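Below: one structure in structure tokens.
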Amino acid sequence: MTDSPIMLKQAIPYIRLYKGKVFVVKVGGRVVGRRDTLDALVEDVSLLQQVGVRVVLVHGGGNQATELARKLGLEPEFVAGRRITDAQMLEVAKMVYAGTLNIDILSSFRAHHTPAVGVSGVDGGLIVANKRPKKTLEKNPGETPVEVDFGFVGDIDSVDPKMLLNLLDAGMTPVISCLGADQEGVILNINADSIAEAVARALHAEKLIIVTDTEGLLKDVNNPSSLVSYTDVEEVEAFKKAGRLTGGMLPKADACVRALQGGVRRTHIINGLKPGAMLREIFTNAGCGTMIVEKRERQAYQQVELTPDAEKAAA
């Protein structure tokens, strides 16, 4: 943050606008895996709670799962960038996602005097999923496609937000790990981006904020300074066709698009390794990451007087 009085004046209209609204924040393992960046993120979330924003936090932890697996003598397997979750890797996922990482995040909330409750998609019937069917894929570009069994990996069928609403009404911050179950109680490993966008849609969230370790969408993937600060679904699809969205950014952009199409008003991708990034993105005109909206909302900005977040488009 720069000059505090100026920052506060900029923030006041946003605070009025978002009081009582739900934000779903998804954070990746590279951010929560470091105590300094985890504490900085939780401090920002705690401030949002203090000004009346209702926050649900969803976390991943793929790097930590890979690290523990190797310590246990297991070598994680990936196909086309997607993790294979056999029975042994599922046990690792349960230990890391719903265990170590979730507890570490809750301890940071305790240190910031903000009440939080750790849950998974299994708790309270939150997420019902199905085991992903076998798929025919190229293991590596150019190779002959083969049938791949992803094991205990789940795709979401439905979200029941009742438990989350009860926790939010009680003044709690739900902290969701990326596990779910099918109707028979079989535990499944589920992509955290997918959980975040599905939860955001189910809660009719005002915002989905994806906190990662990169700047956001880039016009040129080789140029970190080519940040796209404001865009819409149509332009994101054009970026995909042009090959500008690669690696882990592709599922994040897809999650934002699905959230918008499901009724979430605004979505953001920000770099959580930068202190205060989330507050700058939410409470300042210029922001610091990428905001993605539906095309009709982008057109509306051009027809009405500027309001918070609309000013980012004109900045």
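I'd like the residue in the range 84-114 that is among the hydrophobic types (A, V, I, L, M, F, W, C) and surrounded by fewer than 16 Cβ atoms within 10 Å (Cβ to Cβ) and, out of all such residues, is farthest from Lys139 (Cα to Cα).
Checked the range 84-114; the qualifying residue farthest from Lys139 (Cα to Cα) is Ala111.
Which condition does Ile282 not pass, out of (1) part of a loop (DSSP other than H, G, I, E, B); (2) crowded, with 21+ Cβ neighbours inside 10 Å; (3) hydrophobic (A, V, I, L, M, F, W, C), if it passes all the others?
Condition (1) is where Ile282 drops out.
Being among the charged types (D, E, K, R) and either modelled with pLDDT under 95 or over 21 Å from Ser120 (Cα atoms) (or both) is the filter here; which residues of the range 40-60 pass it?
Matches in the range 40-60: Glu43, Asp44.
Could you check the range 229-280 and list, in sequence order, the residues that are in contact (Cβ under 8 Å) with a residue 60 or more places away in the chain and over 20 Å from Val27 (Cα atoms)?
Of everything in the range 229-280, those that are in contact (Cβ under 8 Å) with a residue 60 or more places away in the chain and over 20 Å from Val27 (Cα atoms) turn out to be Tyr230, Thr231, Asp232, Val233, Glu234, Gly262, Gly263.
Right, another one. Can you find a residue that is at pLDDT 95 or above, part of a loop (DSSP other than H, G, I, E, B) and within 20 Å of Ile209 (Cβ to Cβ) anywhere in the range 118-129?
Within the range 118-129 (the criterion being at pLDDT 95 or above, part of a loop (DSSP other than H, G, I, E, B) and within 20 Å of Ile209 (Cβ to Cβ)), the answer is yes, since at least one residue qualifies.
Related question: Restricting attention to the range 238-252, does a residue exist that is more than 28 Å from Lys21 (Cβ to Cβ), assigned to a loop (DSSP other than H, G, I, E, B), among the β-branched types (Val, Ile, Thr) and more than 16 Å from the chain's Cα centre (by Cα)?
Taking every residue of the range 238-252 in turn, at least one turns out to be more than 28 Å from Lys21 (Cβ to Cβ), assigned to a loop (DSSP other than H, G, I, E, B), among the β-branched types (Val, Ile, Thr) and more than 16 Å from the chain's Cα centre (by Cα).
Which number in (1) assigned to a helix (DSSP H, G or I); (2) surrounded by 16 or more Cβ atoms within 10 Å (Cβ to Cβ); (3) modelled with pLDDT of 90 or more marks the one condition that Ile209 misses?
(1) is the only condition that Ile209 fails.
Moving on to the next point. Among Lys9, Lys94, which is the only one that is in contact with a strand residue (DSSP E or B) (Cβ under 8 Å, 6 or more places away or on another chain) and over 20 Å from Ile210 (Cα atoms)?
Step by step, each of Lys9, Lys94 is checked, and only Lys94 is in contact with a strand residue (DSSP E or B) (Cβ under 8 Å, 6 or more places away or on another chain) and over 20 Å from Ile210 (Cα atoms).
Anything in the range 281-293 that is under 16 Å from Val228 (Cβ atoms), touching a residue at least 60 places away in the same chain (Cβ under 8 Å) and not β-branched (Val, Ile, Thr)? List them, or say none.
The answer is Glu281, Gly289, Met291.
Hey, among the residues in the range 43-85 that are among the aliphatic types (A, V, I, L, M) and in a helix (DSSP H, G or I), which one's nearest to Gly247 (Cα to Cα)?
Here the answer is Ala65.
Follow-up. Among the residues of the range 122-140, write down those that are in contact with a Ser or Thr (Cβ under 8 Å, 6 or more places away or on another chain), surrounded by 14 or more Cβ atoms within 10 Å (Cβ to Cβ) and not β-branched (Val, Ile, Thr).
Passing the criteria: only Leu126.
Every residue, every condition in (1) farther than 27 Å from Phe109 by Cβ; (2) under 21 Å from the mean Cα position of the chain (by Cα); (3) not basic (Lys, Arg), yes or no:
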site	(1), (2), (3)
Gln10	no, no, yes
Leu38	no, yes, yes
Gln49	no, yes, yes
Pro76	yes, no, yes
Arg82	yes, yes, no
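Oh, and also: Would the range 259-266 turn up any residue that is out of contact with any Cys (no Cβ under 9 Å at 6 or more places or on another chain), closer than 24 Å to Val51 by Cβ, assigned to a helix (DSSP H, G or I) and at pLDDT 85 or above?
Yes, that holds for at least one residue.
The values are calculated or read from the model by the stated rules, or taken from the named source; none is laboratory data. Since the model is a prediction, treat every value here as computed from it, not as a measurement. Cβ sites come from the backbone with ideal geometry, for glycine too, and all protein chains shown count toward neighbours.
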